[in-house]
Amino acid sequence: TGTDDIIVLFKQVPSTNKIIHVNIYDGITTYNNTQWNNWKPATAVTSGSFLYDDATASTVKAVLSFHPDFRDNGLNYASTATVCPPAVLRINSISTIFRTLTITGLKPALQYGFEFYASRTFIGNSTICKIGNKSDTISTDYNINDYAKFSNITPDNTGKVVVNLSSIGDYQYLAGFTIIEGSSGLIATTTTQPAKTLAISSSSDEIVSTYLTVFPNPFFDNINLR
């Protein structure tokens, strides 16, 4: 049996934690909050570039593949909402068919988190949000505390993420969403020491000379020791 030591250094990567909040509105009931973008979607029409919550510019835009109408839940709706500001849940984009929300202008080198909000003064419906093979469902009936949440989403090499929206019941809704921009967290690197020779005894007592190799270096999620 042979043993040896390897030193792995974990360095905390500063997270940008840049956040974009988007409120769906009908052009009338604007949510007056400088941290939120008011977006009035139209079918297959790409939004303008959203602002981060610190009012700085981003390159992020969005487009709904289908938007037939809005639904207004009324003034002072969801006053005790816990998932987002109550005003965000007031206006919803509605659809009875499958549609996509395509978000562009993201940074391919970063991972993102997404939150989607929906609520309606109506019963019997839920909105299913799906990104890749990840799915989350919002129970929208008079909803004040349910939302769809995704983490560690990597855009494609063009900076795009496609969100599939479908329904349980007749209707699906979208009241707004949040995009959390950040890095993956920890980067690990191994020290650049020469490979060590290990003496390993086999069942036949033959002495075998071997080396420990570590790859990839540096690494982000997984490391291989051979």
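For the stretch 8-26, check the following and say yes or no: at least one residue is over 22 Å from the mean Cα position of the chain (by Cα), open to solvent by less than 80 Å² (accessible area, probe 1.4 Å), closer than 21 Å to ASP170 by Cα and at pLDDT 95 or above.
There is no residue in the stretch 8-26 that is over 22 Å from the mean Cα position of the chain (by Cα), open to solvent by less than 80 Å² (accessible area, probe 1.4 Å), closer than 21 Å to ASP170 by Cα and at pLDDT 95 or above.
Is there a residue in the stretch 46-59 that is within 12 Å of PHE177 (Cβ to Cβ) and either of a type in the set (S, T, N, Q) or touching a Ser or Thr at 6+ places or on another chain (Cβ under 7 Å) (or both)?
At the first step, the residues of the stretch 46-59 found to be within 12 Å of PHE177 (Cβ to Cβ) are 47, 50.
With the extra rule that they be either of a type in the set (S, T, N, Q) or touching a Ser or Thr at 6+ places or on another chain (Cβ under 7 Å) (or both), the set shrinks to 47, 50.
Within the stretch 46-59, one or more residues are within 12 Å of PHE177 (Cβ to Cβ) and either of a type in the set (S, T, N, Q) or touching a Ser or Thr at 6+ places or on another chain (Cβ under 7 Å) (or both).
Within the stretch 88-135, which residues are basic (Lys, Arg), more than 13 Å from the chain's Cα centre (by Cα), open to solvent by 50 Å² or more (accessible area, probe 1.4 Å) and within 19 Å of GLY169 (Cβ to Cβ)?
Kept after step one, since they are basic (Lys, Arg), are these residues of the stretch 88-135: 90, 99, 107, 120, 130, 134.
Still in the running and more than 13 Å from the chain's Cα centre (by Cα): 90, 99, 120.
Filter once more, so that each one left must be open to solvent by 50 Å² or more (accessible area, probe 1.4 Å): 90.
Those that are basic (Lys, Arg), more than 13 Å from the chain's Cα centre (by Cα), open to solvent by 50 Å² or more (accessible area, probe 1.4 Å) and within 19 Å of GLY169 (Cβ to Cβ): none in the stretch 88-135.
Test of understanding: among THR34, THR1, THR29, which residue is farther than 21 Å from ILE180 by Cβ and open to solvent by 40 Å² or more (accessible area, probe 1.4 Å)? So that I can check it myself, show each step before the final result.
Details: THR34 fails: farther than 21 Å from ILE180 by Cβ; THR29 fails: open to solvent by 40 Å² or more (accessible area, probe 1.4 Å).
Residue meeting the stated conditions: THR1.
Out of the stretch 136-145, which residues are touching a strand residue (DSSP E or B) at 6+ places or on another chain (Cβ under 6 Å), surrounded by fewer than 19 Cβ atoms within 10 Å (Cβ to Cβ) and farther than 12 Å from ASN164 by Cα?
Taking the stretch 136-145 first, the residues touching a strand residue (DSSP E or B) at 6+ places or on another chain (Cβ under 6 Å) are 136-140.
If we keep only those that are surrounded by fewer than 19 Cβ atoms within 10 Å (Cβ to Cβ) as well, we get 136-137, 139.
The answer is SER139, and nothing else.
Within the stretch 50-87, take every residue that is surrounded by 15 or more Cβ atoms within 10 Å (Cβ to Cβ) and of a type in the set (Ser, Thr, Tyr) and give me the one that is farthest from ALA175 (Cα to Cα). Walk me through how you get there before you give the answer.
Filtering the stretch 50-87 for residues surrounded by 15 or more Cβ atoms within 10 Å (Cβ to Cβ) gives 50-53, 58, 60-67, 70-71, 73, 77-78, 81, 83-87.
Okay, now just the ones that are also of a type in the set (Ser, Thr, Tyr), so 52, 58, 65, 77.
Details: TYR52: 18, SER58: 21, SER65: 16, TYR77: 13 Å.
Ranking the candidates gives SER58 first.
Scan the stretch 32-48 and report the pairs whose first residue is part of a strand (DSSP E or B) and whose second residue is surrounded by fewer than 18 Cβ atoms within 10 Å (Cβ to Cβ) and small (Gly, Ala, Ser), with Cβ atoms within less than 6 Å and a gap of 6+ or a chain change.
From residues that are part of a strand (DSSP E or B), there are no pairs.
The values are calculated or read from the model by the stated rules, or taken from the named source; none is laboratory data. For clarity, every value in this text was computed on a predicted model and none was experimentally measured. When we count neighbours, we look across all protein chains shown, and the Cβ atoms used for this are built from the backbone with ideal geometry, even at glycine. SASA here: full protein model, heavy atoms, side chains in, ligands and nucleic acids out. Shrake-Rupley method; radii C 1.70, N 1.55, O 1.52, S 1.80 Å.
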